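Everything on this sheet refers to the single structure shown next.
Computed from the coordinates by the stated procedures, all read-outs in this text should not be read as laboratory data. Here the structure is a predicted model, which means the values were calculated and not measured. Every residue, glycine as well, gets a Cβ built from its backbone with ideal geometry; the counts of neighbours run over all protein chains shown.
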Amino acid sequence: MEKSDERLVCEEKSISKYPLTMWEVSAAFGVVFAYGLGLLGVYLTMPSSDYSLLKLPRTLEDLQILRDHLESYTSDYTLQVLVGYSVVYIFMQTFMIPGTVFMSLLAGALFGVFRGLALVLFTATAGASSCFFLSKLIGRPLVFSLWPDKLTFFQAQVAKRRQNLLNYMLFLRVTPTLPNTFINVASPIVDIPYHIFFLATFIGLIPAAFVTVRAGIALGELRSIGDLYDFQSIATLFLIGIVSVTPTLMSKNKT
């Protein structure tokens with residue numbers, strides 16, 4: 001067993017039954033409070049509206065209602081909508097709240113392909129970075145408690161690919177090999193440098209984000225989230241992932 005794996009095992013054994021200290025819980029609540037203030041500021045500057053419709057979409061029907069509601073004044077209150085969208089998306093990414101796929105669809109429906117794609121890439125990368133640094137601060141005990149086996153596997157793979165770590169991280173981002181939420185939380189734990197994490201996140205999310213944002217333009221034609229990723233889309237993502245990891249595989253064969 002390598003030293004890095006031994007260190008993970010020792011740290012896992014040292015985790016208490018309740019993984020977070022009071023200071024760590026306070027820090028997490030502080031971050032939540034800061035995001036809450038941002039949302040409150042957006043709420044107070046928005047025009048009068050039926051606020052019961054402004055909620056996180058959980059179904060395509062919810063998303064279509066929200067799209068119809070926001071379309072009416074997005075052109076007149078573009079800044080408020082952009083800030084509100086960004087704060088919500090980054091908050092969801094930071095705290096691993098499901099539903100960002102609906103937010104990506106909404107970006108396409110409201111802003112079109114290119115502006116929507118730019119917005120999703122910015123917020124997704126910012127949210128993943130926020131999750132990265134929050135995990136670096138307080139996430140270690142949670143990761144050991146929730147994903148001990150997956151973390152050990154991830155640590156071993158990262159150790160093998162230190163020389164081509166960017167290619168490996170791009171492969172993970174493009175393909176569904178590991179969940180993005182796990183990658184965001186576990187990356188600082190296994191000592192992935194932030195600049196590698198940032199580049200792999202920004203570049204690696206482009207293909208899937210483009211597919212989702214483009215689908216948002218024809219939101220009314222979607223019947224389920226499964227319609228987003230047909231066989232052709234998944235095969236394309238895997239092909240891009242294989243191309244990104246090829247330098248790593250070639251370097252291993254040469255050694």
Compute the FRET efficiency between Ala159 and Ser72 as 1/(1 + (r/R0)^6), taking r as their Cβ-Cβ distance and R0 = 51 Å, and round to the nearest 0.05.
0.45
At what distance in nm do the modelled label points of Phe33 and His195 sit from each other, each positioned 7 Å from its Cα along Cα→Cβ?
3.6
